[in-house]
Amino acid sequence: MFNLLRMDLYRMGRGKSLYVCLGILLMMTVATLYMVWLMATPQGQETAVSIGMFTAEELAEEGDVMAGVDTLVMLRQIGLDGGMYNLVFGIWVMLFVCMDYQSGFIKNVMVVHQNRWNYVASKVMTAGIVSFCYLAAQYVFVLLMNKLLGDMAPYSAFGDVLFYLTWAWLLTVAFAALTILVCVWTRSVAAGALTAVLLGTGAVQGPLYAILNMLHVGGWLKYTIYHTLDQGPNHYAAPRDLYVYAVGAGFLALYIAAAGMVLKKQDI
């Protein structure tokens, strides 16, 4: 398995998609924080009025947009809460896995590494490493941008950052395992992309939750990956807050097991 992992890491590092997706995440950070700067600081408001983006009356109506916002909340609002992070990350996972099928490289891999569980484990571990790097890079970039723009938001406590990033990382890896499952099952770039778009952004879960909630049977959807990322706690306050780890670990184990069983039954 570790030979496969080394090979995947080598191929990952040489691929352009890894850096393109990271660039998209960082560009999202720049665009979001620049908009916040325009609305939340005196200098930014002057700039926004002078370029005609907002009027003074519109800015006055907005009030204090930074109320209750710290650097961790900034990170969440940039993409994790709304599903944009999983969309970009899911697209990268889809490209990374489907490339094996599109190029026919999967056949060579299965000849040398006949234990197909190792293939799934290697892909999930690679996705976990990438998600860790993405989350860490994006949060560090938020800190740098916040500093450059005049400390618009207070800095979050290290314990809160560690708690949030660990459970968010676990859930993003579980989403990667779901994307891997879809890709090995369908061998389709389109199916993998639809998984990232529809399930990563909550385009399916959101309307479904609204409909089922009217019938008072939608409570279980709060424990999907999307809703847990969207509504999970910023800091640890009580043992009940640890449910986020259970959700992430449960879905991760489920999707790894399903992907392994699907791959074992396939004729490659």
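The values are calculated or read from the model by the stated rules, or taken from the named source; none is laboratory data. These figures come from a predicted structure and were not determined experimentally. Positions of Cβ are backbone-derived with ideal geometry, glycine not excepted, and every protein chain shown enters the neighbour counts. Ligands, DNA and RNA are stripped out before the accessible areas are found, and what is left, the full protein with its side chains, is counted by its heavy atoms. Shrake-Rupley method; radii C 1.70, N 1.55, O 1.52, S 1.80 Å.
For the range 17-111, a Kirkwood hydrodynamic radius built from all Cα pairs, placed in the Stokes-Einstein relation at 20 °C and 1.002 mPa s, yields a translational diffusion coefficient of 132 µm²/s. Using a Förster distance of 30 angstrom, determine the FRET efficiency expected from the C-beta separation of Leu198 and Lys222, and round it to 0.05. Efficiency for this residue pair is about 0.95.
Sequence-distant contacts, meaning Cα pairs under 8 Å at least 6 residues apart, place the relative contact order of the range 165-268 at 44 percent.
Centre-to-centre, using Cα atoms only, the range 1-49 and the range 225-255 are separated by 24 Å. For the range 82-137, a Kirkwood radius taken over Cα pairs fed into Stokes-Einstein (4 °C, viscosity 1.567 mPa s) yields D = 104 µm²/s. Hey, if you put +1 on the Cβ of every Lys and Arg and -1 on every Asp and Glu Cβ in the chain, which of Tyr85, Leu148, Ala238 ends up farthest toward the positive end of that dipole? Going by the charge dipole, the pick is Tyr85.
To the nearest 10 degrees, how steep is helix 2-14 against the longest Cα principal axis of the chain, on a 0 to 90 scale? Tilt of helix 2-14: around 50 degrees. Out of every Cα pair in the range 83-242, what percent are spaced more than 26 Å from each other? Result for the distance tail: 39 percent. Between Gly248, Gly90, Gly104, the GNM of the chain built on Cα springs shorter than 10 angstrom shows Gly104 fluctuating the most.
Projected label points at Thr186 and Ile129, each 7 Å from Cα along the beta carbon direction, are separated by 2.8 nanometres. Counting only Cα atoms, the range 117-188 measures 48, 24, 15 Å along its principal axes, largest extent leading.
Taking all protein chains together, Arg6, Arg240 sort by accessible area into Arg240, Arg6, largest first [probe 1.4 Å]. In the elastic network of the chain, a GNM with C-alpha springs shorter than 10 Å, the most mobile of Ala246, Ala56, Ala137 is Ala56. Just to confirm the number: angle between the C-alpha axis of helix 158-186 and the first principal axis of the chain, 0 to 90 degrees, nearest 10? The helix 158-186 is inclined about 40 degrees to the chain. Selection among Met53, Ala40, Met7 by position relative to the dipole of the range 1-81 gives Met7 as farthest towards the positive end (Cβ unit charges, Cα centre). Rounded to the nearest 500, the helix-only mean residue ellipticity at 222 nm of the chain stands at -23500 deg cm²/dmol, with each DSSP H run of n ≥ 4 adding -39,500 (n - 2.57).
Helix 205-214 axis versus longest C-alpha principal axis of the chain: approximately 80°, rounded to the nearest ten. Under a Gaussian network description of the chain, with springs only between Cα atoms under 10 Å, the residue in Tyr243, Tyr255, Tyr164 that fluctuates furthest is Tyr243.
Between Tyr155 and Leu215, the contour length at 0.36 nm per residue exceeds the Cα-Cα span by 17.5 nm. Given +1 at the Cβ of Lys and Arg, -1 at the Cβ of Asp and Glu and no other charges, the dipole of the range 1-93 around its Cα centre is 1040 debye to the nearest 20. Size descriptor for the range 184-247, Kirkwood hydrodynamic radius: 13.5 Å (Cα pairs only, one decimal). The simple Förster model, with R0 at 22 Å and r as the Cβ-Cβ distance, assigns Met27 and Gln77 a FRET efficiency of 0.90. The residue among Met125, Cys98, Val112 whose Cα reaches farthest toward the positive pole of the charge dipole of the range 37-159, with charges on the beta-carbon of Lys, Arg, Asp and Glu, is Val112. Surface exposure of the chain, expressed per residue as accessible area with a 1.4 Å probe, stands at 49 Å². The equivalent ellipsoid of the range 105-148 has semi-axes of 37, 9, 4 Å, largest first, where each one is the square root of 5 times an eigenvalue of the Cα gyration tensor.
Taking the Cα centre of the chain as reference, the dipole from Cβ charges on Lys and Arg (+1) and Asp and Glu (-1) amounts to some 1720 debye. Between Tyr245 and Leu148, residue separation times 0.36 nm minus the direct Cα-Cα distance comes to 31.5 nm.
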